[in-house]
2 protein chains.
Amino acid sequence: MVDSWATSPSGQALGIDLHIEPTGSGLRKGLTDALREAVRGGRLAPGTRLPASRTLAVDLGIARNTVADAYADLVAEGWLTARQGSGTRVAERPVEAPRPTPTPGRRTSGGLHYDLHPGRPDLASFPRSEWLKAARRALTSAPNEALGYGDPRGRPELRTSLAGYLARARGVHTDPDRIVICAGFHHGLMLLGDVLRRRGVQNVAVESYGLDVHWDVLTRTGLRTRPLPFDDLGTDPGALDDWGTGTKGSAGQPGGAAGVGAALLAPAHQFPMGVPLHPDRRAAAVDWARRTGGLILEDDYDGEFRYDRQPVGALQGLDPDRVVYLGTASKSLAPGLRLGWMVLPASLTQEVVESKGSIDWSCGVLDQLTLAEFLNSGAYDRHLRGARLRYRRRRDQLVAALAEHAPAVHATGIAAGLHAVLQLPPGTEQSVVRAAAWQGLGVAGLSSFRHEDTAASDARADALVVGYGTPPDHAWSGALDALCRVLP
Amino acid sequence: MVDSWATSPSGQALGIDLHIEPTGSGLRKGLTDALREAVRGGRLAPGTRLPASRTLAVDLGIARNTVADAYADLVAEGWLTARQGSGTRVAERPVEAPRPTPTPGRRTSGGLHYDLHPGRPDLASFPRSEWLKAARRALTSAPNEALGYGDPRGRPELRTSLAGYLARARGVHTDPDRIVICAGFHHGLMLLGDVLRRRGVQNVAVESYGLDVHWDVLTRTGLRTRPLPFDDLGTDPGALDDWGTGTKGSAGQPGGAAGVGAALLAPAHQFPMGVPLHPDRRAAAVDWARRTGGLILEDDYDGEFRYDRQPVGALQGLDPDRVVYLGTASKSLAPGLRLGWMVLPASLTQEVVESKGSIDWSCGVLDQLTLAEFLNSGAYDRHLRGARLRYRRRRDQLVAALAEHAPAVHATGIAAGLHAVLQLPPGTEQSVVRAAAWQGLGVAGLSSFRHEDTAASDARADALVVGYGTPPDHAWSGALDALCRVLP
């Protein structure tokens, strides 16, 4: 019985911080036996710090010496260790390290010597010291209520800072009321898919190339994804109108059986193809949304990283009532923050907030407050400026290395972002990816980013998608050499 | 056209951190006009800091003076402000503060002078300075890969620390592999509901009294909630067997049409009734789960707070294969952290991890690493010890004040947690709650925690649920006085 010791008239309990079930008679022996059993059974893990003997003695209403004696017995037996300054702890034994579980849809770098998979920034350049300074300022000045359950949209401090930043840096039209903080792009997409499904939307247009985890999120909410054609000018939103004919007449029911109710696009920098949406097609997509009552979901995953001084503003600026803007700190800072943001049309805000609020997922407020401080102090701009220089240099080095060592291979797409597409001779993609893996170089083939319903005529030539942002600085030149060795 | 300036041959762009669309000819005038328009239109929000003139000039490839002149013009016009040390910023104008959106199912303290709603700890006692110290140690020593997408179960550092802590403090049997970090109790419950639904479970037993937001989470995943009877000994799990008769024979299909496949219980401290699950009923619930293949979801929301030296260990310890343990930092530290944890039976772990991983919600890693450090260093134990003393004192003061000022009202439930149930004379609950609201005192009636399907015979007498953890120290005695004034 769990409560056997707790109901005994003497010592009563070991203090709620040390719940064990001693047996036998005599205080010292009972305590010693119970502790030993807890260690032996694994309930007290190696390295666990035990309460100070004085503290435990007060809790139990017994003499401190009794506790100290029990501890000493167990140190002598090897179950516990005692060291000045570190207290009494459970002795270390060799234990199995937790096995990492591969995340579905995410590639891990396990076993690779160099990792050039796309989609991750250089984690070694996360501005730890600046972030800690911002965290200190943010937490020191935060009101107490900030630590409560809060607004499902996220902290107002961060929404206000983001409204200013997104307007300034990305041409987004917004105000803090229409921003919703979420736990990264996936979370935002899930919330939006949920709302679209409730509105009766059945199909969502996506690009022919992208991440299957994004399509899976939409599928999970009950939506079907239909890939838009991709040609030499990039994604062609013209099909939206063709598909939409079935519902064009009934403006209240976009995305019925025949048409699509929304389109997920990455207009500034298509992932992974690396091209921006053509200006005419930007306009055409927004026109479609206006005419049919459809929505565009704008994935601006790396809009901050453009190296040729030709930034393209957010599509959202063309029509804030028909475009949902989605941004994230996963590329600009680190995925581990799990921080993203949506800028919503006024007509959608309440529904999304209610959907999010009913499950009560705000993200952690401390990181939200810290990011607001990071933005306000200019530290975010400084960090981006440095990161942009580093990534641009890597991209230049990649292009130069290709010219020298693999002249048959060239990088396509604009000078932007954290990845490049390397066009390969036809039929060589799979063998190059395999050759790279054999040499401990992780790199992705373009085919792994192709939507399964993509028409054969839209299937681009063989190519590699190289994430030059992924390796830390010290591994970059080695990774580049390894890449050149496996290229034809 | 968004890109008009970007495609002009000179300046090209304003640097990606300041996306504006200047018009007209002449560098200085074009820049000035574009900035003014951005401020006037609200795209550059008041307080937004502009890039240093030198930085912007380098980006544009123009003379620094041109930028400085444009800034100076706008300062003179009142659109910008310039102050030594603070840089050039958009001038403040009176703007609407963001309107707080009430969270469905969560009570806010808006407009209340004193807030005694239950469910929130004293946010003023969050250990800010200790937390920041732990954050610094944790982030300084974290490996780079910790900042990546990571394991959907959460950081191994935290899972290892929690395994040790939960074994020691709550008698939970676990290892780090079977712990999954989630964004609070709701998130964990949603993931579990999702997995149960996929397994074919249709009904989940809940207690007659609890939080409707929890029941709603289960309903959203497609499950039906059925309240268990509540009597003078607390929740009675006997009905589990009665309901389960339809499926008893078919062990493979728990929770079919007639029976329930899982039971959500708060065994250590029923919320809000404040009683522990009777020892016989603990055993009965576990027996039911073993016999039928059902699961018990153990909500251990405030197990750390027991003041009478009779801690009750986690039910999970009785059968780690049939009980899912759910804990949270929302009561012990702060809800704003959005950190909770599940300890799963081995047979359930993979499904829950896959369900969570496919949507890619880890929680922010920085708070996870910080909490691990907080646990390892003993700061968590120290914080809990202090919090327990404070809450216990408040509870004692509440009981004493009742005895003196409202002898007809007495607190029921064990000396534990952050709330007490005050039994009222029959028929007075609604009028007391209303009288409190008129006086600016927020307090909840017991009826608001009653499941809608609760049998009339299980409906307890009128009562108030008083959260004595909610007010900050300085407001506590005032809140207590206000409470005594409205009691009969």
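The values are calculated or read from the model by the stated rules, or taken from the named source; none is laboratory data. Note that this is a predicted model, so its numbers are computed, not measured. Heads up, the Cβs are rebuilt from the backbone with ideal geometry, glycines too, and the neighbour counts pull from every protein chain shown. We work out accessible area using only protein heavy atoms, side chains counted, and drop any ligands, DNA or RNA first. Shrake-Rupley method; radii C 1.70, N 1.55, O 1.52, S 1.80 Å.
Structure summary
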| read-out | value |
| --- | --- |
| Computed FRET value (nearest 0.05) for B:Ala408 with B:Ser457, which takes r as the C-beta separation and R₀ as 22 Å | 0.35 |
| 0 to 90° range, to nearest 10: angle between helix A:27-40 axis and chain A longest Cα axis | 30 degrees |
| Cα-Cα separations in the protein assembly as shown greater than 50 Å, expressed as whole percent | 26 percent |
| Descending semi-axes in Å of chain B, equivalent ellipsoid built from Cα gyration tensor | 51, 30, 22 |
| Two-site FRET efficiency, A:Leu233 against A:Gln397, from Cβ-Cβ distance with R₀ of 25 Å, rounded to 0.05 | 0.30 |
| Chain A, closest residue to the rotation axis toward B, by beta-carbon, whole angstrom | A:Gly364, 2 |
| Cα→Cβ-extended label distance, 7 Å offset, between A:Gln439 and A:Ser141, nm | 5.2 nm |
| Inter-site label distance for B:Asp280 and B:His113 at 7 Å from Cα along Cβ, in nm | 4.9 nm |
| DSSP-defined antiparallel bridges as percent of all bridges, the protein assembly as shown, nearest 5 | 60 percent |
| 20 Å Cα-Cα reach of A:Lys133 towards aspartates and glutamates, excluding residues that sit fewer than 8 places from it in its own chain | A:Glu157, A:Asp367, A:Glu373, A:Asp381, B:Glu130, B:Asp367, B:Glu373 |
| Degrees between helix B:365-376 axis and first principal axis of chain B (Cα, 0 to 90, nearest 10) | 50 degrees |
| Net charge of neighbours whose Cβ lies under 12 Å from the Cβ of B:Val409, counting Lys and Arg as +1 and Asp and Glu as -1 | -3 |
| Gain upon complete extension [B:Ala124, B:Arg224; 0.36 nm per residue less C-alpha separation] | 32.2 nm |
| In Å, descending, principal axis extents of the Cα set of region A:429-488 | 41, 21, 15 |
| Whole-number accessible area per residue in Å² for region A:320-399, which is evaluated in the context of all protein chains at 1.4 Å | 25 Å² |
| Two-site FRET efficiency, B:Arg83 against A:Asp473, from Cβ-Cβ distance with R₀ of 56 Å, rounded to 0.05 | 0.90 |
| Solvent exposure ordering (accessible area, 1.4 Å, most first) of B:Trp438, A:Trp215 | B:Trp438, A:Trp215 |
| Per residue Cα convex hull volume in Å³ - calculated over region B:315-433 | 184 Å³ |
| Chain B, dipole about Cα centre (Lys/Arg Cβ +1, Asp/Glu Cβ -1), debye to the nearest 20 | 940 debye |
| Cα-based Rg / Dmax (Å) for region B:363-406 | 16.8, 49 |
| Relative contact order computed over region A:136-377 (Cα-Cα under 8 Å; 6+ residues apart), in percent | 28 percent |
| Gap separating the Cα centres of region B:304-334 and region A:167-237, nearest whole Å | 40 Å |
| Estimated [θ] at 222 nm from DSSP helical runs (n ≥ 4, -39500 (n - 2.57)) normalised by residues in chain A, nearest 500 | -12500 deg cm²/dmol |
| Segment B:Asp319-B:Glu92, length gained on full extension (0.36 nm per residue, minus Cα span) | 75.6 nm |
| Cα centre as origin, Lys/Arg/Asp/Glu Cβ charges: region B:372-430 dipole, Debye | 260 debye |
| Carbon and sulfur %, accessible surface of chain A computed with the full protein complex present, 1.4 Å | 52 percent |
| Charge dipole (region A:340-459, unit charges on Cβ, about Cα centre) - positive-most of A:Leu424, A:Gly445, A:Gln350 | A:Leu424 |
| Degrees, to the nearest 10: B:128-141 long Cα axis against longest axis of chain B | 70 degrees |
| Length-normalised contact order of chain B in % [C-alpha pairs under 8 Å, at least 6 apart] | 19 percent |
| Summed buried accessible surface, chains B and A, 1.4 Å probe, nearest 100 Å² | 9500 Å² |
| Where GluC sites (Glu not before Pro) in DSSP loops with at most 10 other Cβ within 10 Å are excluded, longest remaining stretch of chain A | A:97-451 |
| Inter-copy separations for A:Thr412, label at 7 Å along Cα-Cβ, nm, ascending | 7.3 |
| Calculated SAXS-style log₁₀ I(q)/I(0) at q = 0.10, 0.14 Å⁻¹ - region B:136-377, Debye, Cα scatterers | -0.45, -0.87 |
| About the Cα centre, charge dipole magnitude for the protein assembly as shown (Lys/Arg +1, Asp/Glu -1 at Cβ), debye | 1780 debye |
| Relative contact order (%) - criterion: Cα under 8 Å, at least six apart; region: region A:369-475 | 26 percent |
